[in-house]
Structures are given as C-alpha cells and as structure tokens.
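**Student:** What follows is a structure written as structure tokens; I'll ask about it next.
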Amino acid sequence: MLLRIDHVGIACANLDEKIDFYRSTFGVTVVSLEVNEEQGVKEAMLHVADGEGGGSYIQLLEPLGPDTPVGKFLAKRGEGVHHVAYGVPDVAQAIREIGGRGVRLIDSDPRHGAMGTSIAFLHPKDVGGVLTELVQSPPRQSLADET
Ligand code: V0V
Ligand code: CO
C-alpha cells in the first residue's frame, strides 16, 4: 500500500529562515511555495529524491495563526517534526482500508495538498503518537513542467 516516504513535515516559526537553513546546510532546493488556507499553513516543499509514484521532500510548515494545527503544535511542543507522509497509489482507497482496521481518520474524504496532491490525515493517537498523512500524487503529465 505504501510506495515511499513522500515527505516529513516540520513545524517552524519562520519559514524563510528555515528555508535558508535547509538550503545552506543540505543543498536542497525549494520546488514549491504555497499557502493552504484550509490547513492553516504557509509551506515549502524541498526536493530530496525521486521515488516510485512521485518524489520525496522536506515540508517546512509555518502556521497562518495560533488556532491552526501547526500553530497549536508550536505552542505546545515547539519547532520540530510535525508529521510523516507516505505516498499511496489511491488515497481514497487507502483511507477506506485503514479506517476499516479501526484507525481514526481525521479526513474521511481526501483534501487538497501541496503540488496538486490529494491528502488525508490519520489521528496521531491511533498511530503511536505520529500524525500520519497519506499522499496521492497527481498524474505524471501535470508534473511535466517541473522536470
Ligand atoms: C497534536 N497532537 C499530536 C500532533 N498534534 N501528536 C503528534 N503529532 C502531532 N502533530 C496530540 C497533542 O499533543 C494532544 O495530545 C492531542 O494530539 C490533541 O491535540 P490538540 O493540541 O488538542 O489539537 P487538536 O486535537 O485540536 O488537533 C490535533 C490534530 C490536528 C492532529 C487532530 O492537528 C489535525 O487535524 N491535523 C491534521 C491537519 C494538519 O496537521 N495540517 C497541517 C499540515 P495530548 O496532549 O492530549 O496527549 S498541512 C500539510 O501537511 C499539507 C497541506 C501537505 O502535506 O500537502
Ligand atoms: Co504534509
């Protein structure tokens, strides 16, 4: 069911500063910079590698406000790893299967994620304390401009 690690989401207070740090420390490149109002974040995707069905990335997340998932996380725990995201071939099917195994779904329908992806979150309390995201990449053709 899982194709690869799509991204590791990292909560930060200042997106521009963290982008500079990751660029200068690891030599990674920003491939997307977006605001996702629904998720309450400003976020950057930094490319790490190419894998089956899509790439793998570091996702840097700055909250749009204190009363958002990342804003609350920063206030409680400070900067650090916020979630792990796995690539799946079909996110709607994956959440049906995983929900059927008794894991609480935060999203019972897929939502819009970075770079045209479809995403859904699983509750951290049912995944050993790890907020877990499933990601379905868009069809190859719509990625043609990036390569
Ligand atoms: C909260 N908790 C976490 C956590 N956030 N545990 C592990 N990892 C996290 N990131 C724990 C928290 O410590 C509490 O445990 C408990 O869950 C309830 O937390 P809360 O602070 O009261 O917050 P809630 O319940 O209001 O919300 C928590 C959830 C929320 C996980 C339900 O953050 C959520 O819906 N997240 C999914 C959406 C999201 O994170 N979007 C931002 C990324 P104790 O203290 O009670 O033990 S957007 C993204 O990744 C995009 C767009 C993309 O990839 O394309
Ligand atoms: Co994410």
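The values are calculated or read from the model by the stated rules, or taken from the named source; none is laboratory data. What you are looking at is a predicted structure, and each value in this text was computed from that prediction instead of being measured. For neighbour counting, all protein chains shown are included, and Cβ atoms are generated from backbone atoms with ideal geometry for every residue, glycine included. Surface accessibility is based on the protein's heavy atoms, side chains included, excluding ligands, DNA and RNA. Shrake-Rupley method; radii C 1.70, N 1.55, O 1.52, S 1.80 Å.
**Student:** Answer with yes or no whether ARG111 is farther than 19 Å from ILE5 by Cα and either of a type in the set (Asp, Glu) or touching a residue at least 12 places away in the same chain (Cβ under 8 Å) (or both). Break it down stepwise before answering.
**Tutor:** Numbers: farther than 19 Å from ILE5 by Cα: no; either of a type in the set (Asp, Glu) or touching a residue at least 12 places away in the same chain (Cβ under 8 Å) (or both): yes.
Considered against the rule, which asks whether it is farther than 19 Å from ILE5 by Cα and either of a type in the set (Asp, Glu) or touching a residue at least 12 places away in the same chain (Cβ under 8 Å) (or both), ARG111 comes out as no.
**Student:** In the stretch 108-127, how many are assigned to a loop (DSSP other than H, G, I, E, B) and within 12 Å of ligand 2 (Cβ to nearest atom)? Quick ask: steps written out before the conclusion?
**Tutor:** Of the stretch 108-127, the ones assigned to a loop (DSSP other than H, G, I, E, B) are 108-110, 113, 117, 123, 127.
Narrowing the set further to residues that are within 12 Å of ligand 2 (Cβ to nearest atom) leaves 113, 117.
Selection size over the stretch 108-127: 2.
**Student:** Evaluate the stretch 90-97: report whether one residue or more is touching a helix residue (DSSP H, G or I) at 6+ places or on another chain (Cβ under 8 Å) and in contact (Cβ under 8 Å) with a residue 12 or more places away in the chain.
**Tutor:** For the stretch 90-97, residues touching a helix residue (DSSP H, G or I) at 6+ places or on another chain (Cβ under 8 Å) and in contact (Cβ under 8 Å) with a residue 12 or more places away in the chain: absent.
**Student:** Here's something else I'd like to know. So which residues in the stretch 5-17 are away from ligand 2 (no atom under 12 Å from the Cβ) and under 16 Å from the mean Cα position of the chain (by Cα)?
**Tutor:** To start, the set of residues in the stretch 5-17 that are away from ligand 2 (no atom under 12 Å from the Cβ) comprises 12-17.
Of everything in the stretch 5-17, those that are away from ligand 2 (no atom under 12 Å from the Cβ) and under 16 Å from the mean Cα position of the chain (by Cα) turn out to be CYS12, LEU15.
**Student:** Regarding GLY54, is this residue surrounded by 15 or more Cβ atoms within 10 Å (Cβ to Cβ), within 15 Å of ligand 1 (Cβ to nearest atom) and at pLDDT 95 or above?
**Tutor:** Values: surrounded by 15 or more Cβ atoms within 10 Å (Cβ to Cβ): yes; within 15 Å of ligand 1 (Cβ to nearest atom): yes; at pLDDT 95 or above: no.
So GLY54 does not fit the description; no.
**Student:** May I ask you to verify whether VAL103 is within 17 Å of the chain's Cα centre (by Cα) and either modelled with pLDDT under 95 or within 21 Å of LEU131 (Cβ to Cβ) (or both)?
**Tutor:** Details: within 17 Å of the chain's Cα centre (by Cα): no; either modelled with pLDDT under 95 or within 21 Å of LEU131 (Cβ to Cβ) (or both): yes.
No: the conditions fail for VAL103.
**Student:** Right, here's the next one. Among the listed residues LEU74, LEU105, LEU33, which satisfies the condition of being open to solvent by less than 40 Å² (accessible area, probe 1.4 Å) and either within 16 Å of ligand 2 (Cβ to nearest atom) or not small (Gly, Ala, Ser) (or both)? Talk me through it step by step, then tell me what you get.
**Tutor:** On the way: LEU105 fails: open to solvent by less than 40 Å² (accessible area, probe 1.4 Å); LEU33 fails: open to solvent by less than 40 Å² (accessible area, probe 1.4 Å).
Exactly one residue qualifies, and that residue is LEU74.
**Student:** Now a separate question. Residue check, VAL130 against (1) under 19 Å from VAL41 (Cβ atoms); (2) aliphatic (A, V, I, L, M); (3) part of a helix (DSSP H, G or I); (4) more than 12 Å from ligand 2 (Cβ to nearest atom), all met but one. Which one?
**Tutor:** Only one criterion in (1) under 19 Å from VAL41 (Cβ atoms); (2) aliphatic (A, V, I, L, M); (3) part of a helix (DSSP H, G or I); (4) more than 12 Å from ligand 2 (Cβ to nearest atom) is unmet by VAL130, namely (3).
**Student:** On to the next question. Hey, can you tell me all the residues within the stretch 1-30 that are open to solvent by 80 Å² or more (accessible area, probe 1.4 Å) and of a type in the set (A, V, I, L, M)?
**Tutor:** Correct list: MET1, LEU2, ILE5.
**Student:** Starting from residues that are more than 13 Å from the chain's Cα centre (by Cα) and within 10 Å of ligand 1 (Cβ to nearest atom), keep the ones in the stretch 77-100 and report whichever is most open to solvent (accessible area, probe 1.4 Å).
**Tutor:** ARG77
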